[in-house]
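Bear in mind that the values in this text are calculations on the coordinates, not laboratory data. Given the structure is predicted, the values throughout are model-derived calculations rather than measurements. Cβ placement follows ideal geometry from the backbone for every residue including glycine, while neighbour counts extend to all protein chains displayed.
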Amino acid sequence: MKRSIVALLLLAFALGVAGCGGGDSDSEKQAEAASKEAANEITCDGTALSGDSGLPAGFPKPSGVTYVKTRQDGPTTVVNAYYQGDLDGAFNAYKDAFDPAGYDVPFNEKEDKDAEVSYEKSGGTTGLVALKAECDNGRISVRVTSRSD
Amino acid sequence: MRQRPHLCPRHQPLGLALALALCVAACGGGAGGSSTQSASPLTIVVNAPFTGAPTVADAIANGVDLAVQARTQGGLLTAGDRRYRIRVSKLDDELSPLQALRNVRTAIDDHALAVVDEGTGVDASWSAANAAHLPIGITYQGGQELVDPVERPNVFRIAPTDRGLAFRLGEYVAPKHHKVAFLVDDTAYGTQGREALDKAWAFDPKQVVAHIVLPSGQTDLSPQVLRAQRAGADALIVWARAPAIASVVSAARSRGWEVPVYTTPAGADPIVRQQLAGHPQWVDALIFASGRMTAEEGPAPFEQFQQSYQSAFGPDLVGVKTKQGSAVTQPPEFAMYAYDMTQALLSALQTAGGADDRARYVRVLGATTVEGANGDARSFNRRNHEGVIDDDVAFARFHDMTFAPVKDDPLSASLPTITQTQ
């Protein structure tokens, strides 16, 4: 009797472990993907932000850019967005937009799959627009930081 | 498409480079009045604290040496119709602004091409250097006022700025802790850091429950740490030279206070781990901010640079071991900045067509872009003399005497861990 109970318990445990293992594999993959996405802050879709982005008034928002999320990390505003188009389009759109808005672009760099446009304005506002071509839906991930002295 | 002219096959061990240099010199002598003999000597001065902060100074000097090896043919470089023999002169600033100024004056008298500088004394030296059209390239200190493209057209920097470090610390620390104490030392490094921290925390100054100055040379900082504890701090931000950082950690942990300690690139200085080697667990959880060592394109370029560095100079041993007994090595982060700065200096020399017109040389340097050792572009222009942008500051945490990027910061979490053991 005892042996039967032990055997049943072992079987149940084995099945449970197997079941959990299979489930964890998928969920682990999902979690890993989500973690990777969060780490890189890739934004390929999402509902347009309805409220204030937190960026300075008059901050350039090129056509095709949709703000999705905003948050305040201590002194810095971080906005996640996407751009409808390719990396060249996003890079040029931001580069061209800063000067008319009264910002300087002290540094910009474009590589194969990512690009950066840093900006500054007299008075101490600086930040970076980081663009990543990691979406498979014809969009470019946009991450904007804004820091003010 | 960016090129990588500096990571060419010439990037060989120091012995090979020396052999090549000797060969070139010997051939020149044999040719009697050949082009080698007509090469004009041109010096790059390294102005750094070789006695006051030797790990920092040696890293800078090695970075300069390696760049000269990589970009020249045995020290010879052609620019326009001139040939130059590039020399590196190492002058100790003793962490003294006055001595740093003397060193820059020596560089002026010697008609040096440029000064690669740790940063000490630049407030005093830039003006005389500017009058002589001598560029100063800072590769360690990040004080905001040190670099100003308009007021100080001859001063450039490739190193994380204090502003970038302070704001990134604010972004990382403020959401976690709401009572922080700033502990800064009384050197120019600490004073500039205090200014940067105050600006970064201007969004909520009430979070800062104590501003505490750490006297230089004082080994027991228990009174200062006790003040922070009594002020109710739940995190310490230490902006100081390496010995003071170690003393703060020691004072806190020996009291049994497991308060998180955040610091600047100085936290990765081997001296911190050497001083705490008797209590390796005290080093654990120390978090420091510094420039990302690897670029978006991945770790390969930095690893290649690290390999070249170690081939030339051997690994920079920290002087401590992991629990498994592996010797810990220091990644060449600040050597990389000095390397990149020297690449920019030599690139500008060639673009300017030589060093005869020094005013032109400084202007050309101010419009120079090179690909850094890690693949990132280092770019100067009339509005920007900074080679490291604020957003490229990342965080790393110590464990078992080595450090790895933290996982709770988006940028840091995307970075690989650099090999630090032998």
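Annotations for the structure displayed:
- Coupling constants for the stretch B:247-257 follow from the phi torsions by the Karplus curve (6.51 cos²θ - 1.76 cosθ + 1.60, θ = phi - 60°), and in residue order they are 5, 5, 4, 4, 5, 5, 6, 5, 8, x, 8 Hz; glycine and proline get x.
- Among the chymotrypsin sites (Phe, Trp or Tyr not before Pro) found in the stretch B:306-351, not one is both in a DSSP coil and sparsely packed, with 10 or fewer other Cβ atoms within 10 Å of its Cβ.
- q = 0.11, 0.13 Å⁻¹, chain B: log10 I(q)/I(0) [Debye, one scatterer per Cα]: -0.80, -1.10
- Top of B:61, B:48, B:210 by mean-square fluctuation, Gaussian network on chain B, Cα under 10 Å: B:210
- Between B:120, B:263, B:78, the GNM of chain B built on Cα springs shorter than 10 angstrom shows B:78 fluctuating the most.
- Most simply put, chain B has about 40% antiparallel DSSP beta bridges, counting only bridges with both residues inside it.
- With 31 Å as the limit, the listed pairs A:95/B:199; B:179/B:323; A:132/B:321; A:69/A:121; A:132/B:90 have B:179/B:323; A:132/B:321; A:132/B:90 beyond it between alpha carbons.
- Karplus-derived 3J(HN,Hα) values for the stretch B:110-118, using 6.51 cos²θ - 1.76 cosθ + 1.60 with θ = phi - 60°, are 8, 6, 4, 5, 6, 10, 9, 10, 5 Hz; glycine and proline are entered as x.
- Within the straight-line cut-off of under 13 Å between alpha carbons, the aspartates and glutamates reachable from residue B:176 are A:73, B:234, B:408, B:409, sequence neighbours fewer than 8 places apart in one chain being disregarded.
- Largest-first ellipsoid semi-axes for the stretch B:172-266, taking √(5λ) over the Cα gyration tensor eigenvalues, angstrom: 19, 16, 11
- Using θ = phi - 60° in the Karplus curve 6.51 cos²θ - 1.76 cosθ + 1.60, the 3J(HN,Hα) couplings for the stretch B:323-335 round to 4, 7, x, 7, 5, 8, 10, 9, x, x, 5, 6, 5 Hz; x is entered for Gly and Pro.
- The charge dipole of the stretch B:144-293, taken about its Cα centre with unit charges on the Cβ atoms of Lys, Arg (+1), Asp and Glu (-1) only, comes to about 260 debye.
- Cβ-placed point charges (K, R +1; D, E -1), dipole of the protein assembly as shown about Cα centre in debye, nearest 20: 740 debye
- Residues considered: B:199, B:407, B:323. Largest GNM mean-square fluctuation over chain B, using C-alpha springs under 10 Å, is found at B:323.
- Dipole of the protein assembly as shown, positive end: most advanced residue of B:64, A:102, A:140 [Cβ charges, Cα centre]: B:64
- D (Stokes-Einstein, µm²/s), Kirkwood Cα radius, the protein assembly as shown, 0.692 mPa s at 37 °C: 130 µm²/s
- Centre separation in Å (Cα based) which lies between the stretch B:304-373 and the stretch B:68-120: 14 Å
- Each of B:239, B:126 was scored by other Cβ atoms within 10 Å of its Cβ. Arranged with the fewest first, they read B:126, B:239.
- Evaluated at q = 0.16 Å⁻¹, the base-10 log of the normalised Debye intensity for the stretch A:64-149, with identical point scatterers placed on the Cα atoms, takes the values -0.59.
- Amide H contacts for residue B:286 (H built 1.01 Å from N in the peptide plane; partners 5 or more residues away or on another chain; cut-off under 5 Å): B:398.
- Among beta bridges from DSSP that stay inside the protein assembly as shown, the antiparallel ones total about 60%.
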